[in-house]
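First the structure, in the form of C-alpha cells, and then the observations on it.
Rule-based calculations on the coordinates, nothing more; no lab input. Remember, it's a predicted structure, so these values are computed and weren't measured experimentally. For neighbour counting, all protein chains shown are included, and Cβ atoms are generated from backbone atoms with ideal geometry for every residue, glycine included.
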Amino acid sequence: MNQIKLIINQNIRKFGMIIALVGIALLFQIITSGILLTPLNVTNIIMQNSYIIILGIGMALVIITGEIDLSVGSVAAFIGAISAMLMINYNIPVLVAIALSLLVGAIIGAWHGFWVAYVNVPAFIVTLAGMLLFRGLTLIVLGGKTLAPFPDGFRTISSDFLPDYFSNGNVHLLTMIIGIAAIVLYILNECRLRKNESKYNLNQTTFTTFMVKNIVISAIIFIFTYILAIYAGIPYVLLILLALIIGYSFFMNKTVNGRHIYAVGGNKSAAQLSGIKTRKVTFWVFVNMGVLAALAGLVFAGRLNAATPQAGELFELDAIAAAVIGGASLSGGVGTVAGAVIGALIMGILNNGMSLMGVGIDWQQAVKGLVLLSAVAFDIINKNKAS
Amino acid sequence: MNQFVLEMKNITKEFPGVKALDNVNLQVGKGEIHALVGENGAGKSTLMKVLSGVHPIGTYTGDIYFDSNKCSFKDINDSEALGIVIIHQELALVPELSIAENVYLGNEQATKGIIDWAKTKKATEKLIEAVGMKASVNDLVKDVGVGQQQLVEIAKALSKDVKLLILDEPTAALNETESENLLKLLNTFREQGITSILISHKLKEVLKIADNVTILRDGQTIETLSLQQTLINEERIIKSMVGRDLKNLYPIRKPIIGEKVIEIKDWTVYHPQLPDKKIINGANLHLRAGEIVGIAGLMGAGRTELVMSIFGKSYGKRITGKISKNGKEITVNNVGDAIHHGFAYVSEDRKEYGLILQDSVKKNITLANLKGISNKLVVNPYEEVEVAQRYKEQLNIKMPSIDQQVVNLSGGNQQKVVLGKWMFTEPEILILDEPTRGIDVGAKNEIYKIINDLANHGKSILMVSSELPELLGICDRIYTLSDGLITGEFLKEDANQETLMASMTDNRRAHV
C-alpha cells in the first residue's frame, strides 16, 4: 500500500498532467454539449496545434539543458518567408525548398548555439536578440507584405489527409488499418520489455496490471483512430508529430546523447567533469531547436497558405508554456518530451474549447496565463510538501 | 532559582520517514559557552533550527524555555526578537553590499522608510570595532576575507541585541589566526554575559573554550559533560559521539607496490583569470601501481588546482609539462582524454562538481561511463540497474532504492555514489580530493576501506587532504605542496605531523 502511495507521489506530476488534460477535455465536452470531441473538431485541434507541439518538443530539450529560446516564433516566421520566396518567387521544387528551409533553420540554431555555448552569452539575451533579428529579416524578405499562395504540393504537409485506398464511403479504412497496426506494435513492444525484465530478474508488475494497462492503451488508440477515421482520416501532419514524439522520447530516454542533455541541465560542472562535452551538447540542442522551429514555420505557412510578416508572434511563449506545463523546470535537468506535448494539448484544448463557447481572444489569453501559473505553482507546492 | 538561560525539553522532530530528533534535552547556563557536538546527521542543525524558529512551533513536540519563559516561535523574527541569533555555516551576507548595509540588512535604521545612512554607518563602526575588525564600513563584503565576513555576521548579531548567539561551525573556513581571534571574541562575549552555543567538529577548539559540551548521537542527547573537569579529553568525547571506541579508524593494509604508472614532469599551471599568476610551479611527481600517494598543503597551496589540471586540464590556463603513463608520453587535453587514459577524479565538492543532485542514484553512477551500459549509443536500462545494484552492494551504500534522488542521501552515502561512479569507469589512477570532507567518522572508516581495496587491486591513488592524520594514516608516500611548489616528498615511515607541517609552510618562493 505504501509502495503504491510512493509511486503515486513520485509520479504525481506525470499523472497530474494527464488527469488535467482529460479533465479539461471532459469539461469542455460537457460545456459545448459534445462539440469538442466530434471527429471534425478533434482533427482541427491536432492541426491547429501542430506547430506548437513541434516547437514544444524542441523547447523541452532547450529547457532541460537549462537554457531558453525566445527566438522560435521569429525564426518560424523567417523560415515561412524564405520558403515562400523560394517556392513562389523562384519556382524551386517543393521538396528542395523544404530541405533548404530546414537547413537555414539549422544554421540559425547554430548561430544561437555558438553564442550561448562557446561565448557564454546568456541564452536569454542571445535569443532575445535573435527574436528581434529574425523578425526584422522576415519583414525585409517579405518587403512587409504577405506572399501567397503556395504550390499545392506544399500545402499537403499541413492541410491534407492520407488518401484512402480502400474507401467504402463512411469509415477511412487505411486509418483504421494503421491504428490496428499501431496497437499490435505497441503490444509486441510491451511483451518484449516484459520479457527483458524477467531476463534481468527485475521486479515485475503483476500480470493483471500488465494486461489492464495494455487493454486501456489499446482501447485509447482504437477510439482515437476511429474518431479520425469517420471524419477524413489521418492528416499528414499527425504522422510527422507522431514520428517526432516517438523519436524524441526515445532519444531523450534511451540514448547516451539524451542522457547527456539531462546531465548538462542538471549540473553542468559535474557533467563536464564526468567527461561530457557540455558545450557541444548545448550547441547541438540549439541547432535542433532551429530545425524544429523551421519545421513549425513550414507547417504554419502551409496551413495559412501564405507567408505573413506577423506569423509566429508569441509562439515562443506558447512553446515555453507547453514545456513548463508539461513538467520541465527552468533551472534545467527536469522535463520530458511527452510532457511538453501534453502541455501543448492542454493549451490547445483550452483555446479550442473557449472558442467553441464563444469566449473572445482576450479572455482566452487571460485564462491561459492563469493555467500556466497554477500548473507551475501546483508543482512547486507539491515539491515543498515532499521535502 | 533557575540558572539556565535556555532549556529545551523533550524535543522530538520528525521528517517523513526519519526521526531527526528524539526526546532531545538541552540546558544552557547563563553566560556560558556551550558546545554542541555530534557526527553529521546527529541532529545538531535540526535542533538549532527548532530553537531559532526555522522549524516553527507545531512541527515538533516538546518545550522551549528562554529566560524561564515558554517560547513558541513561528519564524526567525520571533526568536530574534528575544535575542536568539543563529549564524549559519553558509554565511547569509550579500557580497555586493557594503559592511554597513549588510549589518543593518532587514533592520534598516530608517525614519518613515528613508534610511539614515549616517546613523547606520556610525552604529556599524562601533559594532565592527567591538568584534575587532579593522575594515571600513563602506567596504563591500565580497572584498573582505572569509574570516572578516564571519565577523560581519557577528556584528550583525550584536546589532540585534543578542542574548544567545548560536554559531554553526564558525571556524570551518578560517585559518588558524582567524579561528584564534574568533574564539577570543567568544571569550569576551562571555565576560559581557552573552551566552553562546558553539557547534563544532573541531574538538580541540571545544575543549579549549567551552564550559560545557552536549553530545548528540542519532537524534538523541547522549550526555552533557562539564569541561571544568580535567578528565575530559578528545577520546572521551569521540567515544560518546560514535558510541564505540574507534581504535582502527585507519584500517591496516599491506601495500603491494608495483611499477611506476604515472610520471608528471615540470607541471606548470597559470591562473585562469590572472594570466601572470603561476598557481603550480614546475611540479614533478609520480605514482606507482597499488600505491596511495598523498598531497599535503595548506589552503591556497594549489592542491585542488594541481590535481584538477592533471585531470584533463579542468583548471588553469597555459598548462605546460609532460604526463607519461607506463613510460610513454600521453596527451590529456580534456576530461574525455583523461577518462580514456584511465584517470578518475573525485572532487572535494561533491554537490557542485560530483553529483547531479536531483537525479537518481543509478543515473549518477552510470553518468561517466554510459557507453559501458549501451549498445550503439542506446542505453540498456536493465544493465544500468544491474550496475547500480552491484556498486550499492559493493560499497554498502545505504538507501531505500537505486531510484532514490541523491539529494536525499547523507554525505557519506553521496560520497560513495561518486566513488561508485568513478569505479564504474574502471580507472587505473584515482584522484581523490578531500574524499572524507564533511563525512562522519563511521563513514570515513568505510571510505578508507574502499580506498585500500582499490589500491590492493593495483590502482594508483592520488589523495589530497587537509587532515594530516588522515594522510599519515592511509598513504604510502606524501608530497607536500606550498604555494604551488612541491617542497617535499616523504615515505610514510619518515613522516609525522611536524615534519609535514614544516615542509608545507616552507615558503621558498618568498625567498627567491
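If you wrap a convex hull around the alpha carbons of region B:353-426, what volume per residue comes out, as a whole number of Å³? Don't skip to the answer; put the middle values down first.
Values: hull volume 6.0 nm³, N = 74.
Per-residue hull volume (Cα only) is 81 Å³.
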Fill in: Calculated [θ] (222 nm, deg cm²/dmol) that DSSP helices of n ≥ 4 give over chain A, each run adding -39,500 (n - 2.57)
-25000 deg cm²/dmol
Discussion item. Angle check, please: helix B:441-456 long axis (alpha carbons) against the longest principal axis of chain B (alpha carbons), in degrees 0 to 90, nearest 10.
Written reply: 10
Discussion item. If the elastic network links every pair of Cα atoms under 10 Å, which of A:24, A:180, A:215 fluctuates the most in the Gaussian network model of chain A?
Written reply: A:215
Fill in: Overall Cα dimensions of region B:301-347 - principal axes, largest extent first, Å
29, 22, 16
Worksheet entry | chymotrypsin sites (Phe, Trp or Tyr not before Pro) within region A:132-202, DSSP loop, no more than 15 other Cβ atoms inside 10 Å | A:165, A:166, A:200
Item to complete: In nm, give the distance between the simple-model label positions of residue B:90 and residue A:120, each being 7 Å from the Cα along the Cα-to-Cβ direction.
Response: 2.2
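With a Förster radius of 60 Å, plug the Cβ-Cβ distance of residue B:172 and residue A:207 into 1/(1 + (r/R0)^6) and report the FRET value to the nearest 0.05.
Numbers: r = 55 Å, r/R0 = 0.92.
The calculated FRET efficiency here is 0.60.
Work out the length of the dipole vector of the protein assembly as shown about its Cα centre, built from +1 on the beta-carbon of each Lys and Arg and -1 on the beta-carbon of each Asp and Glu, and round it to the nearest 20 debye. Could the numbers behind the result be given before it?
On the way: 82 positive and 79 negative charges, 313 e Å.
Dipole magnitude for the protein assembly as shown comes out near 1500 debye.
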Fill in: Estimated FRET transfer efficiency (residue A:170, residue A:190; beta-carbon r; R0 41 Å; 0.05)
0.85
Fill in: region B:4-242: proportion of alpha-carbon pairs further apart than 34 angstrom, %
16
Item to complete: Rank these for me by crowding, A:152, A:362, going from fewest to most other beta carbons within 10 Å.
Response: A:362, A:152
Worksheet, complete the sentence: Expressed as a whole-number percentage, the relative contact order of region A:161-234 with C-alpha contacts under 8 angstrom and at least six residues apart is 51
Practice prompt. Principal axes first, then extents: for the Cα atoms of chain A, list largest minus smallest coordinate on each axis, whole Å, largest first.
Written response: 65, 62, 43
Worksheet item: If each of residue B:494 and residue A:217 carries a label point 7 Å out from its Cα toward its Cβ, how far apart are those two points in nm?
Response: 6.7
Discussion item. Strictly over 25 Å apart at the Cα level, which of A:213/B:363; B:49/B:202; B:398/B:421; B:421/B:492; B:156/B:351 would you flag in this model?
Written reply: A:213/B:363; B:421/B:492; B:156/B:351
Response to the item:
Per GNM of chain A with C-alpha springs under 10 angstrom, the most fluctuating residue out of A:85, A:357, A:131 is A:357
Practice prompt. Report, as a whole number in µm² per second, the diffusion coefficient that Stokes-Einstein gives for chain B at 20 °C and 1.002 mPa s using the Kirkwood radius over alpha carbon pairs.
Written response: 85
Discussion item. Please compute, for peptide A:252-265, the average count of beta-carbon atoms on other protein chains lying within 10 Å of each residue's beta-carbon.
Written reply: 4
Fill in: Expected-Rg normalisation [2.2 N^0.38 Å, Cα atoms] applied to region A:56-174
1.34
Worksheet item: Quick one: of the DSSP bridges fully inside the protein assembly as shown, what percent are antiparallel, nearest 5?
Response: 60
Worksheet item: Taking chain A as a Gaussian network, where each spring joins two C-alpha atoms under 10 Å apart, which residue of A:40, A:174, A:273 fluctuates the most?
Response: A:273
Worksheet item: Among the aspartates and glutamates, which fall within straight-line cross-link reach of residue B:325, defined as a Cα-Cα distance under 18 Å, with same-chain neighbours fewer than 8 residues apart omitted?
Response: B:259, B:263, B:266, B:291, B:337, B:426, B:428
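Taking a ≥ b ≥ c as the square roots of the eigenvalues of the Cα gyration tensor of region B:244-297, is the shape rounded (a/c under 1.5), prolate (a/b larger than b/c) or oblate?
Numbers: a/c = 5.47, a/b = 1.73, b/c = 3.16.
Because a/c hits 1.5 or more and a/b fails to exceed b/c, region B:244-297 counts as oblate.
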Item to complete: Work out which helices of chain A, taken as complete DSSP H runs, extend at least 24 Å along their axis over the Cα atoms and score a mean Kyte-Doolittle of 1.6 or more, then list them.
Response: A:12-31, A:39-64, A:94-113, A:123-142, A:207-229, A:236-254, A:337-357
Worksheet item: With each run of n ≥ 4 DSSP H residues scored as -39500 (n - 2.57), what mean residue ellipticity at 222 nm is computed for chain B after dividing by its residue count and rounding to the nearest 500 deg cm²/dmol?
Response: -9500 deg cm²/dmol
Fill in: Low-density loop cleavage sites - trypsin sites (Lys or Arg not before Pro) in region B:107-156, where at most 11 other Cβ are within 10 Å (DSSP)
B:112, B:134
Item to complete: Before anything else, pin down the relative contact order of region B:4-242: Cα pairs under 8 Å, at least 6 apart, normalised by residue count, whole percent.
Response: 28
Worksheet item: FRET efficiency for residue B:376 and residue B:57, Cβ-Cβ distance as r, R0 = 56 Å, nearest 0.05?
Response: 0.45
Worksheet item: Dipole magnitude of chain B about its Cα centre, charges +1 at Lys/Arg Cβ and -1 at Asp/Glu Cβ only, in debye to the nearest 20?
Response: 620
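For region A:161-234, compute Rh as the Kirkwood radius over C-alpha pairs and then the Stokes-Einstein diffusion coefficient at 4 °C and 1.567 mPa s; write the answer in µm²/s, rounded to an integer. Intermediate values should be presented prior to the final figure.
Numbers: Rh = 13.8 Å.
Value of D from the Cα-based Kirkwood radius: 94 µm²/s.
How do B:317, B:398 line up, fewest other C-beta atoms within 10 Å first?
The most exposed by this proxy come first: B:398, B:317.
Can you give the relative contact order of chain A as a percent, counting alpha carbon pairs under 8 Å and 6+ residues apart? Could you put the intermediate results ahead of the total?
On the way: 587 pairs, mean separation 136.6, N = 387.
Contact order relative to length: 35 percent.
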Item to complete: Could you work out how far apart the two model spin labels at residue A:254 and residue B:249 are, taking each label as a point 7 Å from the Cα in the direction of the beta carbon, and quote it in nm?
Response: 5.1
Worksheet item: In vacuo Debye scattering of the protein assembly as shown, one point per C-alpha: log10 I(q)/I(0) at q = 0.09 Å⁻¹?
Response: -1.12
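Taking a ≥ b ≥ c as the square roots of the Cα gyration tensor eigenvalues, with a/c under 1.5 meaning rounded and otherwise prolate when a/b beats b/c, else oblate, which class fits region B:70-163? Each step should come with its number before you reach the end.
Values: a/c = 1.81, a/b = 1.29, b/c = 1.41.
It comes out oblate by the Cα gyration axes.
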Worksheet item: Listing A:172, B:88 from the residue with the fewest other Cβ atoms within 10 Å to the one with the most, what is the order?
Response: B:88, A:172
Response to the item:
Dipole check, chain B, charges on Cβ (K,R +1; D,E -1), about Cα centroid: among B:292, B:110, B:487 the Cα furthest to the positive pole belongs to B:292
